[in-house]
Amino acid sequence: MNDIAATTGPRLFGDHFLRTLDAQERATVQRVRALCKHTIGPRAADVAREDVFAWDAFRTLAREGVIATAFPKAFGGTDARQALRIRIIEELGRVCSTSASMITGTDLSSRAIVAGASESFKQRLLPGLCTGELQSAFALTEPGAGSDVRGLHTTLRRTADGYVLNGRKKFITRATTADWFVVVGRAEESPSTFIAVLVPRDAAGFSISPEVGKLGWYGVPISSLSFEGVQVPLAQRLGDEGEGFSLAQDALLRARIGHAAMALGRAIGAVEIASSYAVDRSSFGKALGEHQGVQWMLADMVTQIESSRALLALTADKYDRGDSDVAIFASMAKLQATDLCMKVVTDALQLTGGRGYLQDFPLERFFRDAKLNQIGEGASEIHKTVIGRDVVRRAATAERNACLRAGSLVDY
Ligand SMILES: Cc1cc2nc3c(=O)[nH]c(=O)nc-3n(C[C@H](O)[C@H](O)[C@H](O)COP(=O)(O)OP(=O)(O)OC[C@H]3O[C@@H](n4cnc5c(N)ncnc54)[C@H](O)[C@@H]3O)c2cc1C
């Protein structure tokens with residue numbers, strides 16, 4: 001704990017969660033903090049100015065071993081606990097969504113390879129993905145299947161030595177820079193069987209659209225994909241036939257925890273900026289921060305951020321322990337942190353007045369970036385549905401409140 005405080009000074013938000021990390025993990029957080037302070041933070045506005053892949057940020061994170069935290073030790077990674085990774089992503093999200101998304105995007109695009117590739121494909125791809133010499137992309141969403149992802153139409157027809165892949169994918173991050181694509185489709189002969197496969201970018205019949213303009217998250221462009229009769233050898237299947245959907249869910253689970261951490265980091269950054277403004281700016285004869293209305297806004301922000309951080313830390317612990325209810329907690333953490341981030345960034349921008357609206361001021365970028373966390377890896381409404389359905393399912397068998405009399409409540 002003291003090791004970190006001694007080199008970076010006190011912050012607005014406490015370091016209480018670092019107590020759960022060991023000395024080596026804290027040293028990693030310290031390295032990321034230094035990187036954010038000296039390199040990533042000062043360069044964030046430039047990185048986010050153009051919607052072309054932010055190679056500098058990616059290479060910096062790869063060189064510093066931050067990308068490697070997502071990969072097993074056997075292939076050059078550090079296999080970091082989620083308890084550490086949420087701290088890393090929070091640090092990056094505090095200054096630069098593009099850099100934070102390099103880490104969540106690595107989880108999304110590589111996790112199915114870690115979990116489902118054959119040993120020889122792991123040997124071939126994972127060391128390069130770890131060092132950043134290779135990149136992968138994750139292709140699940142389609143023009144007709146976004147939130148309702150089970151509605152996908154991409155098909156894989158079985159042949160003697162593999163599959164023939166046909167279909168279209170939409171909104172695929174890193175499509176223009178990835179070397180390999182994790183593609184999820186359904187068996188043509190058995191539509192309820194989902195299959196995940198690896199497709200190289202130069203496969204015959206595979207085409208990638210030009211990059212598509214978007215509101216924020218600059219530096220991580222998206223494109224559409226088209227597969228027309230693409231031959232996929234059997235060795236490029238991930239997991240077994242029928243495991244395509246669970247591999248996708250496994251990748252999304254980690255990426256959801258990452259989205260929550262990124263949103264929290266951005267919310268923290270927004271409050272830091274707004275509260276600095278409240279100190280520097282005078283209005284009506286006193287510092288802006290001395291007005292009670294401003295203090296109440298800041299109070300709401302920090303209180304909700306701290307409770308959201310606690311939920312996310314609990315979720316990361318559940319992931320690291322392998323608890324069976326981690327997916328519901330990931331939904332709650334993502335829903336809570338991303339909706340909260342949108343609100344906090346909006347309020348922080350309000351508190352900084354006209355300056356907050358300037359492109360030269362970071363909150364304009366934070367405001368645009370915040371929106372995607374509420375949409376990607378399951379929109380907020382989808383997570384509400386998942387959580388609510390789980391409550392109703394468990395309520396049917398859960399112990400009833402002791403102040404109720406026995407029998408159905410309908411009989412009251
Ligand atoms: C910048 C960006 C990067 C992306 N990167 C990737 C990627 O790398 N790989 C990939 O596979 N996908 C990617 N996506 C796709 C992303 O995961 C989807 O956009 C997201 O899942 C929502 O799907 P949709 O856009 O089709 O929205 P829709 O399914 O059309 O839903 C629209 C809205 O309707 C509401 N809604 C939908 N269903 C319900 C319901 N049952 N109840 C209540 N409300 C509902 C929600 O508010 C939702 O936002 C990316 C998207 C963006 C914008």
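The values are calculated or read from the model by the stated rules, or taken from the named source; none is laboratory data. Please read these numbers as outputs of a predicted model, since none were measured by experiment. Note: ideal-geometry Cβ built from the backbone for every residue, glycine included; neighbour counts use all protein chains shown. Accessible surface areas use protein heavy atoms only, side chains included; no ligands, DNA or RNA. Shrake-Rupley method; radii C 1.70, N 1.55, O 1.52, S 1.80 Å.
One table, with the values for the structure above:
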| item | result |
| --- | --- |
| With all protein chains modelled, accessible area of R405 [1.4 Å, Å²] | 130 Å² |
| Cβ-placed point charges (K, R +1; D, E -1), dipole of the stretch 50-188 about Cα centre in debye, nearest 20 | 340 debye |
| Student exercise, the stretch 161-208 dipole from Lys, Arg, Asp, Glu Cβ charges, in Debye to nearest 20 | 340 debye |
| Å² of accessible area per residue within the stretch 245-395, as computed with a 1.4 Å probe and no ligands counted | 45 Å² |
| Helix-only [θ]222 nm of the chain, DSSP H runs n ≥ 4, -39500 (n - 2.57) each, per residue, nearest 500 | -16500 deg cm²/dmol |
| Which of W55, W217 is most accessible, then next, and so on - probe 1.4 Å | W55, W217 |
| Extension gain from L358 to V386, taking 0.36 nm per residue of separation minus the Cα-Cα distance | 6.3 nm |
| For the stretch 2-131, accessible area per residue (1.4 Å probe, heavy atoms of protein chains only), Å² | 41 Å² |
| Cα-based equivalent ellipsoid, the chain: semi-axes from gyration tensor eigenvalues, Å | 37, 28, 21 |
| The stretch 2-131 - charge dipole about Cα centre, Lys and Arg +1 at Cβ, Asp and Glu -1, debye rounded to 20 | 140 debye |
| Theoretical FRET efficiency, 1/(1+(r/R0)^6), r = Cβ-Cβ of R63 and A310, R0 45 Å, to 0.05 | 0.85 |
| Heavy-atom SASA rank of K286, K384, K334, K214 (probe 1.4 Å, accessible area, largest first) | K384, K286, K214, K334 |
| Accessible area of H291 in the full protein assembly, 1.4 Å probe (Å², nearest 10) | 40 Å² |
| T69, T159, reordered so the largest accessible area comes first (probe 1.4 Å) | T159, T69 |
| Length added when fully stretched, D202-D22, from 0.36 nm per residue minus Cα-Cα | 60.5 nm |
| Sites L409 and E228, calculated FRET efficiency, Cβ-Cβ separation with R0 45 Å, nearest 0.05 | 0.20 |
| Protein accessible area in the chain, 1.4 Å probe - carbon and sulfur % | 54 percent |
| Alpha carbon centroid spacing (whole Å) that separates the stretch 317-349 from the stretch 35-62 | 25 Å |
| A395 paired with D161, simple spin-label distance in nm, labels 7 Å along Cα-to-beta-carbon | 5.7 nm |
| Where a label projected 7 Å from the Cα of A74 along Cα→Cβ would reach, residues of the stretch 251-271 with amide N under 19 Å | 251 |
| Area of F75 that stays accessible when all protein chains are in place (1.4 Å probe, Å², to 10) | 30 Å² |
| The stretch 2-131: C-alpha gyration tensor shape, a/c 1.5 cut-off, then a/b vs b/c | oblate |
| Potential lengthening between W55 and A115 on full extension [0.36 nm per residue; Cα-Cα distance subtracted] | 19.0 nm |
